[in-house]
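Structure, as structure tokens:
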Amino acid sequence: MIWLFKIDEVFWNNKPKINEHYVFPKVDDIEFDITLYDISLYMATANYFLLNDTNPDEIYSLQYSGTNTNPSRLLVGKNTDYYNLVSNYYIEKSNKIESYE
């Protein structure tokens, strides 16, 4: 599955937090085209991160590439706050999903 995380812009000393997440039933993220889904990406006011659960150690930041095109992906460093935030959130939510199954 492909996970998409939305983190709104924060001000001053506020810590970033994940406001929304989406899960897509796609295994191969190379073929993943976000423009096929009805999701509005507000790149000016939020940061978006992508994770494929077949390789959850790689988290990508989505960068605006233009209207109606897939955002570019940049690998997020493992020593960053965003990496830790997304990774911990993913672990928490995926464990809850597994416990329901």
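The values are calculated or read from the model by the stated rules, or taken from the named source; none is laboratory data. Predicted model only: the values in this text are computed from it and were never measured. All Cβ positions, even for glycine, are placed from backbone atoms using ideal geometry, and neighbour counts span all protein chains on display.
Give me the residue from segment 1-22 that is in a strand (DSSP E or B) and free of Cβ contacts under 8 Å to residues at least 24 places away in the same chain and, out of that set, nearest to ASN70 (Cα to Cα).
Taking segment 1-22 and keeping what is in a strand (DSSP E or B), we get 2-8, 18-22.
Narrowing the set further to residues that are free of Cβ contacts under 8 Å to residues at least 24 places away in the same chain leaves 20, 22.
Details: GLU20: 19, TYR22: 16 Å.
Filtering segment 1-22 for residues that are in a strand (DSSP E or B) and free of Cβ contacts under 8 Å to residues at least 24 places away in the same chain, the one nearest to ASN70 (Cα to Cα) comes out as TYR22.
Count of segment 15-40 residues, restricted to those that are polar (S, T, N, Q) and modelled with pLDDT of 80 or more, is 1. If the condition is being farther than 16 Å from VAL23 by Cβ, polar (S, T, N, Q) and outside any strand (DSSP E or B), then segment 36-60 contributes SER40, THR45.
Listed here are the residues, each with its yes/no results for (1) touching a Pro at 6+ places or on another chain (Cβ under 7 Å); (2) among the charged types (D, E, K, R); (3) at pLDDT 95 or above.
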{"site": "ILE59", "(1), (2), (3)": "no, no, yes"}
{"site": "GLY66", "(1), (2), (3)": "no, no, no"}
{"site": "ARG73", "(1), (2), (3)": "no, yes, no"}
{"site": "GLY77", "(1), (2), (3)": "no, no, yes"}
{"site": "VAL86", "(1), (2), (3)": "no, no, yes"}
{"site": "LYS96", "(1), (2), (3)": "no, yes, no"}
{"site": "TYR100", "(1), (2), (3)": "no, no, no"}
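The residues of segment 61-80 that are touching a residue at least 12 places away in the same chain (Cβ under 8 Å) and part of a loop (DSSP other than H, G, I, E, B), listed by number, are TYR64, ASN68, THR69, ASN70, PRO71, VAL76, LYS78.
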